[in-house]
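Colleague: Let me begin by handing over the structure; questions about it come next.
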Amino acid sequence: LKSPYHGGHLEVIVGPMFSGKSEELIRRVTRAVIARQRVLVFKPALDDRYHESAVASHAGRTVHATPVRGAADIRAQLSGEGTLLHAQGEVLPDVVGIDEVQFLDDAIIPLALELADAGVRVILAGLDQDFRAEPFGFMPELLARAESVEKLTAICTVCGAPATRSQRLIGGQPARFDDPVVLVGAQESYEARCRVHHVLRS
Ligand code: ADP
C-alpha cells in the first residue's frame with residue numbers, strides 16, 4: 001500500500017551569529033539540487049551582505065536566493081513561478097529554503113505550515129535569540145511547530161567555548177539591554193559568545 005504521507009515537513013536551523021546556519025542551509029539545498037529536486041531559496045531583502053541574490057556564508061559559500069520583503073512576497077513568487085499554492089494540478093517546488101528568517105514577518109508561520117501541508121520540504125534558518133539573549137520574535141513558534149530543529153553553536157571569541165549567544169558591540173563596548181535595535185551612525189559589530197562572556201551593559 002502506498003503511504004498517503006507526501007513527505008512535506010518543516011526543518012528549522014537556529015543558533016547565534018557565526019554558528020554556520022547559512023552553511024547548513026546551503027549544504028541541505030545543494031544536496032537537494034544534486035537529487036534533481038526543484039528548490040527555491042529566499043532571503044530578506046535587507047540582508048545584502050556579499051551578494052544581492054544569493055545566500056552567502058561567512059566562509060564564502062553561496063547559493064542563489066531571491067531577496068524578499070516578507071511572506072507575501074514569497075507567496076507572490078511561488079505563484080509567479082507557475083506554482084500556485086493550493087491550485088489543483090499545479091506543481092509546487094520540492095524544497096523551499098529561507099535564510100535569516102527572523103527578519104521576515106510572522107505571516108511566514110502560516111505560509112511555512114501551508115507549504116509543508118502541501119508536500120513541500122521547508123527549511124528555515126535564523127537566529128533563535130536576539131543580542132539580549134531573548135527569544136527572537138516569532139522564532140519560538142517556528143521551533144515549536146517544526147518536525148526537525150537543529151541548534152548550532154559558534155565559537156566564543158573570548159574563551160573558545162561553544163557559543164550560543166550573539167554579543168552586540170557599539171563603539172567596541174557591550175550594548176545595553178534597551179539600546180535601540182537600529183542605531184543610526186553608530187559603529188556596531190557582533191561577536192559569538194558563550195553564556196559566561198555574553199555581556200549586557202547596565
Ligand atoms: P551564520 O549563518 O550562522 O551567521 P555562517 O554560515 O554565515 O554562519 O558562517 C559560519 C562560518 O563563520 C564558520 O564556518 C567559520 O568559518 C566562520 N566564523 C567566523 N567567526 C566564527 C566564530 N566565532 N565561531 C564560529 N565560526 C566562525
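Read the figures in this text as sums done on the coordinates, not as results from a lab. Just so it is clear, the model here is predicted, and its values are computed rather than measured. Neighbour counts are summed over all protein chains in view; Cβ atoms, including those assigned to glycine, are modelled from backbone coordinates with ideal geometry.
Colleague: Let me check against my output: what whole-number percent is the relative contact order of region 99-202, with C-alpha pairs under 8 Å and at least 6 apart? Write down the numbers at each step before the final one.
Modeller: Values: 139 pairs, mean separation 24.2, N = 104.
Taking the mean separation of contacting Cα pairs over the length of region 99-202, I get 23 percent.
Colleague: Fully extended, how many nm does the chain gain between R69 and S148 (0.36 nm per residue separation, minus their Cα-Cα distance)?
Modeller: Details: separation 79, 0.36 × 79 = 28.44 nm, distance 2.56 nm.
Using 0.36 nm per residue and subtracting the Cα-Cα distance, I get 25.9 nm.
Colleague: Oh, and also: For region 153-202, calculate the relative contact order in percent as a whole number, restricting contacts to Cα pairs under 8 Å that are 6 or more residues apart.
Modeller: After rounding, I find 48 percent.
Colleague: In a GNM of the chain with a 10 Å cut-off on Cα contacts, which of K21, K151, K43 has the highest mean-square fluctuation?
Modeller: Highest fluctuation of the listed residues: K151.
Colleague: Calculate I(q)/I(0) for the chain by the Debye formula, one identical point scatterer on each C-alpha and no solvent, and give its log10 at q = 0.08, 0.10, 0.12 Å⁻¹ to two decimals.
Modeller: Log10 of I(q)/I(0), two decimals: -0.29, -0.44, -0.63.
Colleague: Let's see if you can work this out: charge +1 on each Lys and Arg Cβ, -1 on each Asp and Glu Cβ, no other charges. What is the dipole magnitude of the chain about its Cα centre, in debye to the nearest 20?
Modeller: 600 debye
Colleague: For the chain, find the longest principal axis of its Cα atoms and tell me its angle to the long axis of helix 108-117, 0 to 90°, nearest 10.
Modeller: 40 degrees
Colleague: Then there's this: Enumerate the calculated ³J(HN,Hα) couplings along region 122-130 in order (Karplus 6.51 cos²θ - 1.76 cosθ + 1.60, θ = phi - 60°), each rounded to whole Hz, writing x wherever the residue is Gly or Pro.
Modeller: Working through the residues one at a time gives 9, 10, 10, 10, x, 6, 8, 10, 8 Hz.
Colleague: If you don't mind, another one. Quick one: which residues, 5 or more positions from H9 or on another chain, have an amide H under 5 Å from its amide H? H modelled 1.01 Å from N in the peptide plane, none for Pro or chain starts.
Modeller: Hits under the 5 Å cutoff: V120, R121, V122.
Colleague: A further question on this structure: Pairing the Cα long axis of helix 71-80 with the longest principal axis of the chain, what angle in degrees results, from 0 to 90 and rounded to the nearest 10?
Modeller: The two axes meet at around 30 degrees.
Colleague: Helix 21-34 versus the longest principal axis of the chain: what is the Cα-based angle in degrees, 0 to 90, to the nearest 10?
Modeller: Between helix and principal axis, roughly 20 degrees.
Colleague: Now, a different point. If you keep only loop residues by DSSP, which GluC sites (Glu not before Pro) in region 116-202 have at most 10 other Cβ atoms within 10 Å of their Cβ?
Modeller: On the way: sites: E141, E147, E150, E188, E191; in loops: E147.
Answer in residue order: no site qualifies.
Colleague: Would you report the distance distribution of C-alpha pairs in region 99-202 as whole percents per 10 angstrom bin, up to the bin with the largest distance?
Modeller: 14, 39, 30, 15, 3
Colleague: Run the numbers on the chain and let me know its relative contact order in percent, using alpha-carbon pairs under 8 Å that are six or more apart.
Modeller: Rounded, it is 27 percent for the chain.
Colleague: Still on this model: Under 10 Å, Cα contacts only: if you run a Gaussian network model on the chain, which one of A163, A76, A112 comes out with the highest mean-square fluctuation?
Modeller: Maximum fluctuation in the GNM of the chain, among the listed residues, is at A76.
Colleague: Along the three principal axes, how long is region 153-202 when you take its alpha carbons, biggest first, rounded to the nearest angstrom?
Modeller: 32, 19, 15
Colleague: Could I have the simple spin-label model distance between S79 and R38, label points 7 Å from Cα toward Cβ, reported in nm to one decimal?
Modeller: The two pseudo-label positions are separated by 1.7 nm.
Colleague: Can I ask one more? If each residue of separation counts as 0.36 nm, what is the full-extension length gain between R31 and H6 once their alpha-carbon separation is subtracted?
Modeller: Value of the extension gain: 7.1 nm.
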